[in-house]
Amino acid sequence: MIFSEFRPHILLTPYIETYWSVCGFKEKEEFHKILPDGCVDIIFSIGENRQFGLEPILPNIVGTMTTYLEGSYSNNVNMLGIRFKPTGITAFTRIPIYEFTDQRIGLDYRETIFDESFFAELPEKRTTGDCIRHLDSYLIKKLNRVFTPEDQIVYAVNLIQQTNGLLPLMEVANKSCLSIRHFERKFKNAVGISPKTFSKIIKFQYTRTYLKRNKNISLFSAAIDCGYYDQSHLIKDFRVLSGNTPSDFKK
């Protein structure tokens with residue numbers, strides 16, 4: 001199984017984290033986990049087989065996740081995805097993003113950012129590179145009527161990421177020039193989850209990397225270094241978000 005990532009066109013980088021693809025052949029069913037990262041993905045399962053619980057052919061929206069997602073691959077696998085930055089997908093749709101939270105939903109072109117013309121040309125693309133260029137071209141054309149994500153929420157997202165989810169939310173709201181009530185409402189509409197949950201996910205992602213780089217450190221020390229109250233809180237968050245213990249990420 002080959003996993004690859006592709007950079008979007010520079011004009012799309014404010015909204016898209018990466019394009020990605022998974023392709024190959026699996027004779028036996030293989031199970032995988034996807035861990036929450038605060039992002040929304042749109043995935044195309046190209047071909048007739050249902051992969052990872054996603055509808056074939058049509059785009060599938062995988063909303064912002066608050067826990068891990070499990071699924072399986074088998075036979076011929078050919079999947080293409082767009083991983084939007086937090087708030088990024090709001091540039092292309094007015095649908096409240098929280099409606100997709102913890103959901104994977106197959107949608108036809110009338111319900112997504114894609115229209116019939118996009119799907120008419122997609123089957124003609126023979127390689128992943130051709131598909132990526134098709135996505136770039138189509139999405140760039142939509143930029144002339146893009147919905148600009150609110151600067152205050154984009155700033156708040158960046159602030160939470162830069163501080164590894166450790167900055168108190170009241171301080172994030174104050175720095176974003178929003179009352180805590182408006183901050184929480186606007187954040188959920190744009191990102192799909194509350195700022196508290198997003199901060200927990202960002203802290204979890206940071207801690208995963210920390211554990212991989214410091215395999216010999218005790219869990220107690222890791223918990224303190226990464227901003228958890230104690231070791232038990234670290235373990236609890238990891239079980240909820242990944243289904244594993246922190247020690248599993250030190251292997």
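The values are calculated or read from the model by the stated rules, or taken from the named source; none is laboratory data. Computed from a prediction, not measured in an experiment: that's the story for all the values here. Heads up, the Cβs are rebuilt from the backbone with ideal geometry, glycines too, and the neighbour counts pull from every protein chain shown.
List of remarks:
- First in region 176-200 and without any contact (Cβ under 8 Å) to a residue 12 or more places away in the chain and over 20 Å from Val240 (Cβ atoms), second anywhere and of a type in the set (A, V, I, L, M) and surrounded by fewer than 18 Cβ atoms within 10 Å (Cβ to Cβ), Cβ under 9 Å, 6 or more apart: Ile180/Met170
- Region 129-154, residues that are outside any helix (DSSP H, G or I) and surrounded by fewer than 16 Cβ atoms within 10 Å (Cβ to Cβ): Val146, Phe147, Thr148
- Filter pass, Val172 being touching a Pro at 6+ places or on another chain (Cβ under 7 Å), over 24 Å from Gln103 (Cα atoms) and of a type in the set (A, V, I, L, M, F, W, C): yes
- The residue pairs whose first member lies in region 222-251 and is surrounded by 15 or more Cβ atoms within 10 Å (Cβ to Cβ), whose second member is acidic (Asp, Glu), and whose beta carbons are closer than 9 Å, counting only pairs six or more residues apart or on different chains, are Ala223/Asp230; Tyr228/Asp237; Phe238/Asp248; Ser242/Asp248; Pro246/Asp237.
- Filtered by the rule that a residue be among the β-branched types (Val, Ile, Thr), in contact with a helix residue (DSSP H, G or I) (Cβ under 8 Å, 6 or more places away or on another chain) and at pLDDT 95 or above, region 193-240 gives Ile193, Ile201, Ile202, Thr207, Ile235.
- Filter result for Arg83 (modelled with pLDDT of 90 or more and assigned by TED's automatic domain parsing to the domain that holds Lys125): yes
- Of all residues in region 133-148, those that are touching a residue at least 12 places away in the same chain (Cβ under 8 Å) and among the hydroxyl-bearing types (Ser, Thr, Tyr) have Cβ atoms under 6 Å from Cβ atoms of residues that are part of a helix (DSSP H, G or I) and surrounded by 15 or more Cβ atoms within 10 Å (Cβ to Cβ), 6 or more apart or on another chain, in Tyr138/Phe118.
- If only residues of region 93-122 that are over 21 Å from Phe198 (Cβ atoms) and among the hydroxyl-bearing types (Ser, Thr, Tyr) are counted, the one that is modelled with the highest pLDDT is Ser117.
- Residue in region 180-192 that is of a type in the set (S, T, N, Q) and either at pLDDT 95 or above or touching a His at 6+ places or on another chain (Cβ under 9 Å) (or both) present: no
- Leading residue by the ranking (farthest from Met1 (Cα to Cα)) among those in region 94-122 that are surrounded by 15 or more Cβ atoms within 10 Å (Cβ to Cβ) and hydroxyl-bearing (Ser, Thr, Tyr): Tyr98
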